[in-house]
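Values quoted throughout were computed directly from the atomic coordinates according to the rules given, and no laboratory measurement underlies them. Note that this is a predicted model, so its numbers are computed, not measured. Ideal geometry is used to build each Cβ from the backbone, glycine not excepted, and the neighbour counts take in all protein chains shown.
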Amino acid sequence: MSPTPLQQAAQRLASANRVAVLTGAGVSAESGVPTFRGPGGLWENHRPEELATPGAFQKDPALVWRWYLWRRGLIAQCQPNPGHLALADLEKRVGEFSLITQNVDGLHRLAGSSDPLEIHGNLWWVRCTSCGALYEERGPDLPAPPPCKECGAMLRPHVVWFGESLDPELLDQAWRAAATCEVMLVAGTSAVVQPAAGLASVAKQAGAFVIEVNLEPTPNSAEVDVSLMGKAGEILPEIMALL
Ligand code: BJW
Ligand code: ZN
């Protein structure tokens with residue numbers, strides 16, 4: 001009998017020495033963190049260019065900060081789910097493992113992943129728009145916008161907005177992980193935001209076996225080797241149970 005797609009995914013992961021994982025908002029959805037697109041998504045009532053661009057921040061920093069403070073309050077109540085835990089577990093079983101995440105919620109670290117490449121930043125970190133100070137700021141009652149504790153100027157969230165470049169060092173690490181892995185697992189991303197969306201193709205073209213986990217098809221689905229439709233918080237632990 002030929003293996004099921006789930007078994008194929010597990011077999012490939014079990015025999016791989018180099019694995020890269022790319023995650024998106026869908027992996028945190030079962031923790032209660034809203035995704036960006038789709039029903040109930042964070043963009044539902046706002047256009048991205050109203051909130052997640054440097055221009056929007058310049059125009060109305062208080063509005064943008066209120067959105068981030070609302071999200072921080074919500075995420076502070078969230079815990080890693082079985083999907084995050086499965087990926088932390090996978091890291092322990094693979095020789096060379098890279099976890100690339102577009103998520104800014106910090107839940108992978110909380111789940112025990114040792115060094116996620118947070119290519120879109122982290123919303124618990126802030127950076128000064130004037131002196132460049134960069135530090136973790138978990139304060140629950142920040143004003144909008146909050147002042148830098150070094151120089152008093154306005155802080156911004158340490159995240160990557162549309163039109164901004166990703167940290168070149170992180171992007172380079174992510175790119176290299178995709179280009180050199182034997183298996184790439186892509187979970188919970190709509191695969192529409194570049195350059196992250198292109199990483200699956202990089203892996204595929206370099207000869208990797210690519211596995212996708214999502215509730216629905218994405219632009220990556222046509223070229224991946226195995227597409228597992230369902231919740232990341234269920235499918236990722238199911239894969240781990242077969243390893
Ligand atoms: C589940 C599930 C469950 C639900 N289980 N699954 C090339 C071509 C065209 C455009 C560009 C290009 N290169 C650059 C651009 C411009 C732009 C871009 O990509 N635009 C496109 C939208 C067209 N990219 C950029 O500007 C990037 N910068 C850059 O490339 O600099 C150089 C440059 C600039 C300008 C021009 C050219 C070059 C920066 C992108 C920064 C993205 N920032 C955000 C906000 C971060 C801060 C914050 O959080 O506030 O990052 S936008 C938002 O989207 C966030 C996410 O990380 C990102 C991706 O979203 P994700 O994770 O995929 O979430 P969703 O909601 O979209 O999807 C969830 C998925 O989960 C769905 O598929 C569900 O089905 C699934 N799901 N529950 C499994 N339980
Ligand atoms: Zn400062």
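Computed values, structure above
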quantity	calculated
Candidates per trypsin sites (Lys or Arg not before Pro) in segment 75-153, loop by DSSP, up to 15 other Cβ within 10 Å	Arg138, Lys149
Helix axis angle, 168-180 relative to the chain longest principal axis, alpha carbon, degrees	10
Structure-based [θ]222 nm, the chain - -39500 (n - 2.57) summed over DSSP H runs of at least 4, per residue, nearest 500	-10500 deg cm²/dmol
Translational diffusion coefficient (Stokes-Einstein; Kirkwood radius from C-alpha pairs) of the chain at 37 °C, 0.692 mPa s, in µm²/s	177
Degrees separating the helix 82-93 axis from the principal Cα axis of the chain, which is the longest one	60
Proximal lysines relative to Lys204, as straight alpha-carbon distance under 22 Å, when same-chain residues fewer than 8 apart are discounted	none
Cα long-axis angle, helix 232-242 against the chain (0 to 90 degrees, to the nearest 10)	40
Total formal charge among the other residues, if their Cβ is under 14 angstrom from that of Arg18, Lys/Arg +1 and Asp/Glu -1	0
Proportion of all alpha-carbon pairs of segment 1-131 beyond 26 Å (%)	34
Efficiency of FRET from Cβ geometry, Leu170 and Gln8, R₀ 41 Å, rounded to 0.05	0.85
Spin-label proximity, Leu110 to segment 125-165 - amide N less than 14 Å from point 7 Å beyond Cα toward beta carbon	125, 138-140
Alpha-carbon spread of segment 105-198, three principal axes, descending order, Å	48, 29, 22
